[in-house]
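Engineer: Below is one structure. I have some questions about it.
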Amino acid sequence: MLNGSTFIRRELMIRIVRAFDSGALETELDQIPIKLRPKNERSSRCCVYHDRAILKYRLMALLGVSVEDEVDEAKPLSAYYAEKAWSGDDTPAKPKTPLSVCGPACSGCPDARVVSTQNCRGCFARPCVYNCPKKAIEVVDGHSVIDQKLCIKCGKCITACPYNAIVKTTVPCEEACPVGAIKKNEFGVAEIDFEKCIFCGKCFNACPFAAVMERSQLVDVLAAMKRGEKLVAMVAPAAEKQFPGKIEQLLSACAKAGFSDVMEVALGAEMTTAHETAEFIERMEKDPKTFMTTSCCPAWVNLVWKHLPELVDHVSLTPSPMVYAREIVKAKDPSAKTVFIGPCVAKRSEARRKDVDYVLSFEELGAILAGRKIDVIACEPWPVPRPANPTARNYSRSCGVTDAVLAEATGKIPGFKLDSKQINGIDRKTCTMVKLHASGKIPVNFLEVMACPGGCQNGPCSLVK
Amino acid sequence: MESVKIEICCGTACYLLGAANMMNIEDQLPAEWRDKVDIEAKTCLELCERDNLGGAPYVRINGTEIMSQATPEKLLTRIGELIEGAA
Ligand code: SF4
Ligand code: SF4
Ligand code: FES
């Protein structure tokens, strides 16, 4: 869904691409915040100066710089850019942490509370008072008041009130995080504990102040193209329906935008299916009571590594579609650099481990296309040597992996049965659920987990959900 | 009465800045309006340059009228005015 946060992020990206292409990015960078928020015009926050300060940080994140790492507040954006562009180093700079929280943008949302609002009419029946299990509500001067020390946030009063007078407020980022990795620090500003963070990107989507930012490789990709490097666009299966037109037209658009070659990651997914199925059959032969879980969602793999160590051995060792796609590219041309294009924050962490050079989100790709005035629907379909098969293109949907493995195995072993479960979206309950499967309390032999409800197409950086 | 002609810009800039939300506008039309509206997705209408992205996404109505910062709600209201007004 488009909102103010996505709008400003995309607008800045398009401006960066245009300024880069006109050769003026270095000189324009520091002017963008001022041009977007001229004095005497309306501001989104307290004043245009606060807005400008935050725009500077947004641009920093788009340059791939971590806002947390800032040492010199006086350092202009042009200096960050110069370091990047003229270092003469063509090894891709891969941010260690794909996310960064911008302190000045964070509004320090008040701690989660249940409060009574102006809607309260101090009624006679007082169902809130009667239904509160902790006797936390009193009516003072004709208005209900909740004692925060006693309140356990059960929400009984919320449902009881006929005037919808009682509401629960939350800290959106903390509420969204499935692993408790983002918390307000002693200054009341959100901070991510990267030891715990699984890069699911849920806080990035949840924060109404857009304080959680992605560290982008957009400018790195633009610069590499300009240096004349061979960059191959590997487009994730989730791209289907993200842009107007067909996936083959999107591939053409990528080629027009300056990629030396383009491919569907779904071709890699075909290889994942074949290997994962073989691996599954082998594991079952060794121990029919064990179970295997999928490895293509990097946020899920991060969750296991960081929070469910007892499950590590159950994670499939089969590489993800992105990794196979990279192999296909490298086999064709070892000197080519690979750019994964998808809807995912966590892929940035996987790319770092698996030697994929760059990751662009659909938004960032869109910004390059918009900046270069390339319309997907105006492009001829790319002459793919062979379209990926439909089960592979379906990988981005929840159940897609399960279906693909099932189809592959049934083809090989007639009558093959899969005792599968899908965890469709990681939240706070996921760990408990998964542990039940692991202990055998809820038997299963194939467990598919996707961090985003519905699958990758609803990823944190997808354009249409 | 002539049907109302709606051209939604699906140029990448407009698409990213909000036209994506209007792709399914056809499904949001009340049944009685369906055959009175003719909706088309267009490539860049060449308006995004004019005010430096400020007005995207754009929709062109009946060939001449330009709606900037278009949203599904704004568009539906305008379509309603044109149909009911003409009725
Ligand atoms: S949601 Fe979290 S990061 Fe966003 S403003 Fe509130 S406390 Fe800060
Ligand atoms: S990316 Fe996910 S795990 Fe990391 S802090 Fe945000 S919500 Fe929590
Ligand atoms: S992209 Fe819509 S007017 Fe150019």
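Engineer: Across the range A:321-379, what is the total count of residues that are within 14 Å of A:Pro460 (Cβ to Cβ) and not hydrophobic (A, V, I, L, M, F, W, C)?
Structural biologist: 8
Engineer: As an exercise: evaluate A:Glu380 against (1) acidic (Asp, Glu); (2) within 20 Å of the chain's Cα centre (by Cα); (3) in a loop (DSSP other than H, G, I, E, B) and give the number of the one condition it does not meet.
Structural biologist: Condition not satisfied by A:Glu380: (2).
Engineer: Okay, next question. Exactly one of these conditions fails for B:Trp33: (1) assigned to a helix (DSSP H, G or I); (2) within 11 Å of the chain's Cα centre (by Cα); (3) crowded, with 16+ Cβ neighbours inside 10 Å. Give me its number.
Structural biologist: (2)
A quick yes/no check of all residues on (1) more than 16 Å from ligand 3 (Cβ to nearest atom); (2) β-branched (Val, Ile, Thr); (3) touching a Pro at 6+ places or on another chain (Cβ under 7 Å):
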| position | (1), (2), (3) |
| --- | --- |
| A:Ile158 | yes, yes, no |
| A:Val167 | yes, yes, no |
| A:Glu195 | yes, no, no |
| A:Glu214 | yes, no, yes |
| A:Val221 | yes, yes, no |
| A:Lys241 | yes, no, no |
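Engineer: Only residues in the range A:175-189 that are at negative phi count as the first member; pair them with residues that are within 10 Å of ligand 2 (Cβ to nearest atom) and basic (Lys, Arg), Cβ under 6 angstrom, at least 6 apart or cross-chain, and list the lot.
Structural biologist: These pairs meet every condition: A:Ala176/A:Lys202; A:Val179/A:Lys196; A:Ala181/A:Lys196.
Engineer: May I pose another question? Considering only residues that are within 12 Å of chain B (Cβ to nearest Cβ) and assigned to a helix (DSSP H, G or I), which ones fall in the range A:3-15?
Structural biologist: Of everything in the range A:3-15, those that are within 12 Å of chain B (Cβ to nearest Cβ) and assigned to a helix (DSSP H, G or I) turn out to be A:Gly4, A:Thr6, A:Phe7, A:Ile8, A:Arg9, A:Arg10, A:Glu11, A:Leu12, A:Met13, A:Ile14, A:Arg15.
Engineer: When the residues of the range A:368-377 are filtered to those that are more than 7 Å from chain B (Cβ to nearest Cβ) and not in a loop (DSSP other than H, G, I, E, B), which remaining residue is surrounded by the fewest Cβ atoms within 10 Å (Cβ to Cβ)? Give the steps one after another, and end with the answer.
Structural biologist: Initially, the range A:368-377 is screened for residues more than 7 Å from chain B (Cβ to nearest Cβ), giving A:368, A:371-372.
Restricting the remaining residues to those that are not in a loop (DSSP other than H, G, I, E, B) gives A:368, A:371.
On the way: A:Ile368: 27, A:Gly371: 23.
My answer is A:Gly371.
Engineer: Hey, among A:Ser335, A:Ser361, which residue is modelled with pLDDT of 95 or more and small (Gly, Ala, Ser)? Break it down into steps so the answer makes sense when it comes.
Structural biologist: Numbers: A:Ser335 fails: modelled with pLDDT of 95 or more.
Just a single option satisfies the conditions, and that option is A:Ser361.
Engineer: Against the condition away from ligand 2 (no atom under 16 Å from the Cβ), within 14 Å of chain B (Cβ to nearest Cβ) and not polar (S, T, N, Q), how does A:Leu150 come out, does it pass?
Structural biologist: Criteria not met by A:Leu150.
Engineer: Considering only the range B:72-83, I want to know if a residue exists there that is assigned to a loop (DSSP other than H, G, I, E, B) and buried (at least 19 other Cβ atoms within 10 Å of the Cβ).
Structural biologist: No: zero hits.
Engineer: Does A:Leu360 count as more than 16 Å from ligand 1 (Cβ to nearest atom), hydrophobic (A, V, I, L, M, F, W, C), in a helix (DSSP H, G or I) and crowded, with 24+ Cβ neighbours inside 10 Å? Talk me through it step by step, then tell me what you get.
Structural biologist: Working: more than 16 Å from ligand 1 (Cβ to nearest atom): yes; hydrophobic (A, V, I, L, M, F, W, C): yes; in a helix (DSSP H, G or I): no; crowded, with 24+ Cβ neighbours inside 10 Å: yes.
It is false that A:Leu360 is more than 16 Å from ligand 1 (Cβ to nearest atom), hydrophobic (A, V, I, L, M, F, W, C), in a helix (DSSP H, G or I) and crowded, with 24+ Cβ neighbours inside 10 Å.
Engineer: List, please: which pairs have Cβ atoms under 6 Å, are six or more places apart or on different chains, and start with a residue in the range B:1-27 that is in contact (Cβ under 8 Å) with a residue 12 or more places away in the chain and end with one that is of a type in the set (Ser, Thr, Tyr)?
Structural biologist: Every condition considered, the pairs that remain are B:Cys9/B:Tyr58; B:Gly11/B:Thr43; B:Cys14/B:Tyr58.
Engineer: Does the range A:214-236 include one or more residues that are of a type in the set (A, V, I, L, M, F, W, C) and within 16 Å of ligand 2 (Cβ to nearest atom)?
Structural biologist: No; the residues of the range A:214-236 include none that is of a type in the set (A, V, I, L, M, F, W, C) and within 16 Å of ligand 2 (Cβ to nearest atom).
The values are calculated or read from the model by the stated rules, or taken from the named source; none is laboratory data. Fair warning: this is a prediction, and the values are worked out from it, not measured in the lab. Note that we place each Cβ from the backbone using ideal geometry, even for glycine, and neighbour counts take in every protein chain shown.
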